[in-house]
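Notes to accompany the following structure.
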Amino acid sequence: MPISLLERAGFLMLVLGIETTCDETAAAVVRDGSEVLSNIVASQIDLHQKFGGVVPEVAARAHLEVLDLVVAEALREARVRDAARELDAIAVAHCPGLIGCLLVGTAAAKGYALGWEKPLVGVNHVQAHLYAVRLHDAQMPADAPPDVAFPAVGLVMSGGHSSLYHVRDFDDLQRIGQTRDDAVGEAFDKVAAILKLGYPGGPLIDALARHGNPHAVAFPAAHLEKESLTFSFSGLTTAVLYHVNGKKGRERDASALSGQGKADVAASFQRVAAEMLVEKLRRAARRFETRSILIGGGVSANSAIRAAVETLGRELALPVHMPAMRY
């Protein structure tokens, strides 16, 4: 019987999930599709900071070095003593992502599935960002998120993706919009590089923006064609570059700005990025049948974006579901 049918028939399932799509090696044990018994993540930030971004070959080799250890720790923390007997399936993020990194995770998952004689489930990790709204710690059942009302509109925001979905169910999604150039997370990293803040840029921009005036700089917002659901962030990052470095982009650098000036740029950029994301969400919610709003992906941790989406939910009288910050 397929995994989805087993879940819908009411079977309690114990699944080992493996994720190696980019620069973090992760494994988790999840019960009944939502209760997280363990969640082990080995970050590679220290490896990639010197380059200002993820180096695919370095990332893939780092996955190779730690994946078995991460899986073993995930099983230990979840108190799975006999994986071959206790697990029901192995799941692995098999698309999209850095090809070398994906190969490490999928090869390992195939090995575990073969050795333990378990079904192997491939997961689209971008779509799975939306499913993360269902996750909660098994030790805190009171924190379990409410059921999602379908159909929904979902927005995935990450370092490599800015995608809008019409979600009829978690396994029935239609992509209705995406970026034509930079992903929003990529834009955050670029602006952090322009301001010489470091890597990864998202948390650094968010922290700095708390001390800035979000209306100090009138950066342009690209909404493209009327009613378009397509994103474009390259113009916004270029506007930040010219504001900070001069009209030719190389007349000066961020050292010419005061600390307050940098904070104002970060806050103004973040405000415009949030407005662009929310405007496309608004358009999608009005165009498609929508009973709730879902957001996911690393950039959904941004405080200004979370606040803007919550405001949109109140405006449209729709419930908003976001992953817990730890997910």
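No value in this document is a laboratory result; all are computed from the given coordinates. Not measured: the values here are computed from a predicted model. Positions of Cβ are backbone-derived with ideal geometry, glycine not excepted, and every protein chain shown enters the neighbour counts.
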(Q) Just want to confirm a number: the relative contact order over the chain, from Cα pairs under 8 angstrom separated by 6+ residues, in percent. (A) 16 percent
Q. At what distance in nm do the modelled label points of Arg180 and Asp137 sit from each other, each positioned 7 Å from its Cα along Cα→Cβ?
A. 4.5 nm
Q: On a C-alpha basis, how far is the centre of the range 120-141 from the centre of the range 231-287 in Å? Whole number, if you could?
A: 31 Å
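Given a Förster radius of 56 Å and the C-beta distance between Trp116 and Glu275 as r, what FRET efficiency does 1/(1 + (r/R0)^6) yield to the nearest 0.05? Spell out each step's value before the answer.
Working: r = 48 Å, r/R0 = 0.87.
FRET efficiency, Trp116 to Glu275: 0.70.
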Q: Pop the C-beta distance of Ser228 and Phe150 into the FRET formula with R0 = 22 Å and round what comes out to the nearest 0.05.
A: 0.35
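Express in nm, to one decimal, how much length is gained between Asp32 and Arg252 on full extension, taking 0.36 nm for each residue of separation and deducting their alpha carbon distance. Mind dumping the intermediate values first?
On the way: separation 220, 0.36 × 220 = 79.20 nm, distance 5.53 nm.
Additional length available on full extension: 73.7 nm.
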Q | Asp169 versus Asp46: modelled label distance in nm, points set 7 Å from Cα along the beta carbon direction | A | 4.5 nm
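Taking trypsin sites (Lys or Arg not before Pro) as exposed when DSSP calls them loop (any state but H, G, I, E, B) and at most 15 other Cβ atoms lie within 10 Å, what is the longest stretch of the chain free of them, the sites themselves excluded? If you can, show how the numbers build up before the last one.
Working: sites that count: Arg79, Arg81, Arg180, Lys196, Arg210, Lys226, Lys247, Lys248, Arg250, Arg252, Arg291, Arg326.
The answer is 82-179.
Rounded to two decimals, what is Rg over Rh for the range 1-134 when you use alpha-carbon atoms and the Kirkwood radius?
Dividing the radius of gyration by the Kirkwood radius yields 0.97.
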Q.
Less than 15 Å apart at the alpha-carbon level, and either on another chain or at least 8 residues along: which aspartates and glutamates does that give for Lys110?
A. Glu19, Asp68, Asp88
Q: Select from the chain the helices, each a whole stretch of DSSP H, whose alpha-carbon atoms run 24 Å or more along the helix axis and whose Kyte-Doolittle mean is at least -1.0; answer none if there are none.
A: 56-77, 99-116, 259-287
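Could you give the longest part of the chain that holds none of the GluC sites (Glu not before Pro) found in DSSP loops with at most 16 neighbouring Cβ atoms within 10 Å? Please list the in-between numbers first.
Working: sites that count: Glu117, Glu225, Glu227, Glu251, Glu289.
Between the exposed loop sites, the longest stretch runs 1-116.
Can you flag which of Lys190/Lys226; Lys196/Lys280; Lys50/Lys247; Lys50/Lys118; Lys50/Lys226; Lys247/Lys280 are past 32 Å Cα-Cα? If you can, show how the numbers build up before the last one.
Details: Lys190/Lys226 27 Å; Lys196/Lys280 30 Å; Lys50/Lys247 28 Å; Lys50/Lys118 40 Å; Lys50/Lys226 42 Å; Lys247/Lys280 29 Å.
As for pairs spanning more than 32 Å Cα to Cα, those are Lys50/Lys118; Lys50/Lys226.
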